[in-house]
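What follows is calculated from the coordinates using simple rules that are stated; it is not laboratory data. Computed from a predicted structure; not experimentally measured. Note that we place each Cβ from the backbone using ideal geometry, even for glycine, and neighbour counts take in every protein chain shown.
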Amino acid sequence: MSEQSTNGQQLSTSQNGSTAAGNILLDVRNLQKWFPITAGFFRRTIGHVKAVDDISFHVLQGETVGLVGESGCGKTTAGRCILRAYDLTGGQVLFQDHDGKMVDLGPLTNNEMKPYRQHVRMIFQD
């Protein structure tokens, strides 16, 4: 598999999450978060707001990543999806555990997420 790192390098990724440039700690693949638009007495879904639609990136060991964009473009929503504060509409969020295995955070419960949340943080610029 070949991907582009956050600094623009082309990297080939192995099964265990390592690349030629180092270990991948966080791998976000085709992340989607859509919020339903409801209407009517029975609150039927008539459409979706595509807050995050198909973003992919990975963070290597020792890297710091910042999401930059216009107001309302989905930065906070993407962060909340990565931390699993929101359930994903689509895609995967993989995190390297202490054994070096890539763990899919999507199906984990809140209790199972606690150890991973200690390693990933969102910091807002005010």
Inset, instruction - Report, by chain and number, residues whose modeled amide H sits under 5 Å from the one on Glu63, excluding near sequence neighbours (fewer than 5 apart, same chain). - result: none
Inset, instruction - Check the range 25-117 and count each lysine pair with an alpha-carbon distance under 24 angstrom, considering only pairs eight or more places apart or from different chains. - result: 6
Inset, instruction - Work out from phi, with θ = phi - 60° and the Karplus expression 6.51 cos²θ - 1.76 cosθ + 1.60, the ³J(HN,Hα) of each residue of the range 42-48, listed in order in whole Hz, and give x for Gly and Pro. - result: 8, 6, 6, 6, 10, x, 9
Legend entry - Under Karplus coefficients 6.51, -1.76 and 1.60, residue-wise ³J(HN,Hα) of the range 25-32 in Hz, glycine/proline x: 8, 9, 10, 9, 10, 6, 5, 9
Inset, instruction - Just grab the label-to-label distance for Asp97 and Asn23, each label 7 Å out from Cα along the Cβ direction, in nm (one decimal). - result: 1.4 nm
Inset, instruction - Quick one: what are the phi-derived ³J(HN,Hα) couplings along the range 99-110, Karplus 6.51/-1.76/1.60 with θ = phi - 60°, whole Hz, x for glycine and proline? - result: 8, x, 8, 7, 10, 6, 7, x, x, 6, 7, 4
Legend entry - For the range 25-117: Kirkwood Rh in Å [reciprocal of mean 1/r, alpha carbons]: 14.5 Å
Inset, instruction - Could you compute the FRET efficiency for Val68 and Arg43, with r as their C-beta to C-beta distance and R0 at 41 Å, rounded to 0.05? - result: 0.70
